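Some notes on the structure that comes next.
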Amino acid sequence: MNRIVVASGNKAKLREIGEIFKGYDVVSMQDAGFTGEIDETGETFEENALIKARAVHEKLHCAALADDSGLCVDYLGGAPGVHSARFCGRHGDDGANNRLLLQKLEGVPTEKRTAYFESCVALITEDGEEITASGRTYGRILEEAQGCGGFGYDPLFFSDELQKSFGLAAAQEKNAVSHRGKALAALAEKLRERGL
Ligand code: IMP
């Protein structure tokens, strides 16, 4: 296997994946000729990652990689979870998602604001073998945004490992401890074990 098509057009993600899968030719699904929407109807990150990877694999018959991720807040019973991108009701409105999160945690003391980001990555090899891996990064939800780096909930997430918000972290600093970085590293290890 030397070519991996990623079920995403997000340039930052593609760069991160390319850095971890150095020996492979990593291309976006658009560049590989995949058009159309993929409905993320799964109830877990793993289901959604598999749905996306299978859609690309079925259409292009090549090795396909997808990830699905989100924020899980303990006080909210794991929400927004798989609904992270559309917590406020609209897809991808980071500002409204962050405002709603702060509203739901209003008055909640620091020690109860614990949370983690989770990512699941799924790779389907050219001949259809499905391999998944996941990663988490722990922290807590701040009472107000700190920094404006990253995306999504980054400015509200205080990382235990970095001891600062992801919004204040440089991209490389965040990638070194992020849920996605850990999931991708675990997947790369599984590929090595299989000699792929
Ligand atoms: P996706 O799996 O990349 O589509 O992410 C789903 C949603 O989870 C995003 O729209 C964000 O709201 C949230 N999310 C996932 N990873 C991160 C992260 O690293 N930082 C901030 N928000 C994230």
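The values are calculated or read from the model by the stated rules, or taken from the named source; none is laboratory data. Because the structure is predicted, anything quoted here is derived from the model rather than measured. Backbone-built Cβ (ideal geometry, glycine too); neighbour counts: all protein chains shown. Just so you know, the surface numbers come from the protein's heavy atoms only, side chains and all, with ligands and any DNA or RNA stripped out. Shrake-Rupley method; radii C 1.70, N 1.55, O 1.52, S 1.80 Å.
Given the criteria more than 11 Å from the ligand (Cβ to nearest atom), of a type in the set (S, T, N, Q), surrounded by 15 or more Cβ atoms within 10 Å (Cβ to Cβ) and within 19 Å of E47 (Cα to Cα), does S119 qualify?
When the stated conditions are applied, S119 does not pass them.
Any idea which of (1) more than 9 Å from the ligand (Cβ to nearest atom); (2) open to solvent by 50 Å² or more (accessible area, probe 1.4 Å); (3) in contact with a helix residue (DSSP H, G or I) (Cβ under 6 Å, 6 or more places away or on another chain) is the one H61 doesn't satisfy?
H61 satisfies all of (1) more than 9 Å from the ligand (Cβ to nearest atom); (2) open to solvent by 50 Å² or more (accessible area, probe 1.4 Å); (3) in contact with a helix residue (DSSP H, G or I) (Cβ under 6 Å, 6 or more places away or on another chain) except (3).
Restricting the search to segment 72-124, which residues are under 30 Å from D25 (Cβ atoms) and out of contact with any strand residue (DSSP E or B) (no Cβ under 7 Å at 6 or more places or on another chain)?
Matches in segment 72-124: A85, G92.
Can you name every residue in segment 92-103 that is more than 8 Å from the ligand (Cβ to nearest atom) and without any contact (Cβ under 8 Å) to a residue 40 or more places away in the chain? I'd like the intermediate steps shown before the answer.
Just the residues of segment 92-103 that are more than 8 Å from the ligand (Cβ to nearest atom), to begin with: 93, 95-96, 98-103.
Listed by number, the residues that qualify are D93, G95, A96, R99, L100, Q103.
Quick check on my filter: what residues within segment 2-15 are within 16 Å of the ligand (Cβ to nearest atom) and either open to solvent by 50 Å² or more (accessible area, probe 1.4 Å) or not in a loop (DSSP other than H, G, I, E, B) (or both)?
Hits for segment 2-15 are V6, N10, K11, A12, K13, L14, R15.
Out of (1) of a type in the set (F, W, Y); (2) buried (at least 24 other Cβ atoms within 10 Å of the Cβ); (3) over 14 Å from the mean Cα position of the chain (by Cα), the odd one out for Y75 is which?
Of the numbered conditions (1) of a type in the set (F, W, Y); (2) buried (at least 24 other Cβ atoms within 10 Å of the Cβ); (3) over 14 Å from the mean Cα position of the chain (by Cα), the odd one out for Y75 is (2).
Would you point out the residue of segment 153-175, among those that are of a type in the set (D, E, K, R) and near the ligand (Cβ under 10 Å from one of its atoms), that is modelled with the highest pLDDT?
D154
This table checks each residue for (1) under 20 Å from the mean Cα position of the chain (by Cα); (2) assigned to a loop (DSSP other than H, G, I, E, B).
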| residue | (1), (2) |
| --- | --- |
| I17 | yes, no |
| E40 | yes, yes |
| A55 | yes, no |
| E58 | no, no |
| L65 | yes, no |
| L102 | no, no |
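Of (1) open to solvent by 50 Å² or more (accessible area, probe 1.4 Å); (2) within 12 Å of the ligand (Cβ to nearest atom); (3) within 21 Å of S134 (Cα to Cα), S84 satisfies all except one. Which?
The number of the failed condition is (1).
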